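Since the structure comes first, as structure tokens, the remarks are kept for the end.
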Amino acid sequence: MGQLSDIRRMITSRKYIREFAEDYAGRYGKNPREVLQDIVQAKKMNHISFGEYEWIGHYDLTAEQKKTVSTLWTRMEFRKMFTDRRYIGMLMNKYIFSKVFAEFYGRRCAQALEVDGDLLKRLGDNGGRVVYKPNCKGMGKGIRILPVTTKQEIYEALECIRSEGNGIVEEYICQNEVLSELYPKAVSVIRFYSVCSPQGTFLFAPVLTVAHQNEISNGCQDALTSMVDIRTGEVLTQAVDQNEMVEYETHPVTGKAFQGVMLPFWEETIGMMRRVVPLASKISNIGWDVAITGEGPVLVEANTIPGFTTAQYSGFGRITQGYGYQPLFDAVHGIGFEDDGRYEKVVLKL
């Protein structure tokens, strides 16, 4: 019976792969049979998903480039080997995170259950807004930006917080004017990735994430993302909406160009990350979100299963000559990362 189920799953899987290959070939003007062969080989190599396959332009990569593609599956193998799960809670629980990394948090934070009208008013002194976040959700889900200037706004904010349940309430981050010029209605963040293993600790692939229309900058929603030079803080690329695969030279609302923007306080930002990453070295792969205020960088939050879509986007491939980030995760095979020059703009050894 079990063998029969396995055969059925294999037949169903092949059907979906064939349908995807035909659709992909039609949209990109490729040979369906060649696409089918390519994605079957890719799935054997690293269990690549359809989304990953299309996003990185796998079909057009060379054989050597394909070997360097990092997928969700290869990163999960890395985490299983090198992450001590006892430490994950300090990142997943946002209130605990705010306390562990208090030196870098840069704003007041309280548990939602402890918030009353007076505390809300104090938290909203700087800008008239507060932020509610569920304690253990990701991808921007459940976050609320709440005005708290008037008595009515405070009352409505309290009602909202109490209806949402357990979480945190914190001061709204007032971002640096350089980022406000790109888009003033939401706090833009820089996503850094880190890997820690016996083969070394690395900070890599900084991604500027700017909201498109929402009040929250999150790549899983409608945000626009661009790659940043880890050495200088210069935005290297135009932006892409990773949900629609649409590229933008300028922000569609403000008209400000992405490429060439110099992010402020970059030296201070990298200095902060040099101190932050070792504090979570028991967690092998983290996505760190950083905001930049008028006074310097602050930590927003961290993710233990970080989305990695933008970093390997085919449109950003020129930065690494079309090579992916799997070499940073090859510690699972006992192979240390050595940069031959392809990654100098996006990888920093700590």
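Return the total of residues in segment 252-290 being open to solvent by less than 20 Å² (accessible area, probe 1.4 Å), farther than 15 Å from VAL300 by Cα and part of a strand (DSSP E or B).
Total satisfying the criteria: 1.
Mind checking which residues of segment 56-73 are closer than 16 Å to TYR325 by Cβ, open to solvent by 10 Å² or more (accessible area, probe 1.4 Å) and in a helix (DSSP H, G or I)?
Across segment 56-73, the qualifying residues are GLU64, GLN65, LYS66, LEU72, TRP73.
Go through segment 116-208 and tell me which strands (runs of 3 or more DSSP E), entirely inside it, have 3 or more residues that are within 30 Å of HIS333 (Cβ to Cβ) and touching a residue at least 24 places away in the same chain (Cβ under 8 Å).
In segment 116-208, the matching strands (runs of 3 or more DSSP E) lie at 189-197.
With respect to ARG129, determine if the residue is closer than 23 Å to ALA302 by Cα, open to solvent by 70 Å² or more (accessible area, probe 1.4 Å), of a type in the set (Lys, Arg) and over 20 Å from the mean Cα position of the chain (by Cα). First the steps, then the outcome.
On the way: closer than 23 Å to ALA302 by Cα: yes; open to solvent by 70 Å² or more (accessible area, probe 1.4 Å): yes; of a type in the set (Lys, Arg): yes; over 20 Å from the mean Cα position of the chain (by Cα): yes.
So ARG129 passes the test.
Looking only at segment 215-235, how many residues end up being in contact (Cβ under 8 Å) with a residue 40 or more places away in the chain and open to solvent by 20 Å² or more (accessible area, probe 1.4 Å)?
Result for segment 215-235: 6.
Would you point out the residue of segment 324-350, among those that are out of contact with any Asp or Glu (no Cβ under 8 Å at 6 or more places or on another chain), of a type in the set (A, V, I, L, M) and in a loop (DSSP other than H, G, I, E, B), that is farthest from TRP73 (Cα to Cα)?
Only one residue tops the list, namely LEU350.
Out of the residues in segment 75-90 that are surrounded by fewer than 20 Cβ atoms within 10 Å (Cβ to Cβ) and in contact with a helix residue (DSSP H, G or I) (Cβ under 6 Å, 6 or more places away or on another chain), state the one that is farthest from LEU279 (Cα to Cα).
Restricting to residues being surrounded by fewer than 20 Cβ atoms within 10 Å (Cβ to Cβ) and in contact with a helix residue (DSSP H, G or I) (Cβ under 6 Å, 6 or more places away or on another chain), the top hit is GLU77.
Restricting attention to segment 303-321, and to residues there that are out of contact with any Lys or Arg (no Cβ under 9 Å at 6 or more places or on another chain) and open to solvent by 20 Å² or more (accessible area, probe 1.4 Å), which single residue is nearest to LYS94 (Cα to Cα)? Explain how you work it out, then say what you get.
To start, the set of residues in segment 303-321 that are out of contact with any Lys or Arg (no Cβ under 9 Å at 6 or more places or on another chain) comprises 309, 312-318.
Subset that is open to solvent by 20 Å² or more (accessible area, probe 1.4 Å): 309, 312, 314-315, 318.
Numbers: THR309: 23, GLN312: 28, SER314: 33, GLY315: 33, ARG318: 36 Å.
Out of the qualifying residues, it is THR309.
Out of everything in segment 163-186 that is open to solvent by 10 Å² or more (accessible area, probe 1.4 Å) and touching a helix residue (DSSP H, G or I) at 6+ places or on another chain (Cβ under 8 Å), what residue ends up being nearest to ARG108 (Cα to Cα)?
GLU171
Name the single residue, out of those in segment 242-251 being out of contact with any Gly (no Cβ under 9 Å at 6 or more places or on another chain) and not in a loop (DSSP other than H, G, I, E, B), that is surrounded by the most Cβ atoms within 10 Å (Cβ to Cβ).
That would be TYR248.
Being within 22 Å of THR304 (Cβ to Cβ) and under 24 Å from the mean Cα position of the chain (by Cα): is that true of LYS66 here?
So LYS66 fails the test.
Is it the case that VAL148 is among the hydrophobic types (A, V, I, L, M, F, W, C) and at pLDDT 95 or above? Walk me through how you get there before you give the answer.
Numbers: among the hydrophobic types (A, V, I, L, M, F, W, C): yes; at pLDDT 95 or above: no.
No.
Regarding segment 91-110, can at least one residue be identified that is among the basic types (Lys, Arg), open to solvent by 80 Å² or more (accessible area, probe 1.4 Å) and not in a helix (DSSP H, G or I)?
yes
Among what's in segment 279-310 and is of a type in the set (Asp, Glu) and within 16 Å of the chain's Cα centre (by Cα), pick the residue that is nearest to VAL169 (Cα to Cα).
GLU301
Against the condition in contact (Cβ under 8 Å) with a residue 12 or more places away in the chain, under 24 Å from the mean Cα position of the chain (by Cα) and farther than 23 Å from VAL332 by Cβ, how does GLU77 come out, does it pass?
No.
Hey, does segment 38-48 have a residue that's touching a residue at least 40 places away in the same chain (Cβ under 8 Å), part of a helix (DSSP H, G or I) and not polar (S, T, N, Q)?
No, because not a single residue in segment 38-48 is touching a residue at least 40 places away in the same chain (Cβ under 8 Å), part of a helix (DSSP H, G or I) and not polar (S, T, N, Q).
Name the residues in segment 116-126 that are in contact with a helix residue (DSSP H, G or I) (Cβ under 7 Å, 6 or more places away or on another chain) and open to solvent by 10 Å² or more (accessible area, probe 1.4 Å), would you?
Passing the criteria: GLY117, LYS121.
The values are calculated or read from the model by the stated rules, or taken from the named source; none is laboratory data. These figures come from a predicted structure and were not determined experimentally. Ideal geometry is used to build each Cβ from the backbone, glycine not excepted, and the neighbour counts take in all protein chains shown. Accessible surface is based on the protein model in full, side chains and every heavy atom, while ligands, DNA and RNA are left aside. Shrake-Rupley method; radii C 1.70, N 1.55, O 1.52, S 1.80 Å.
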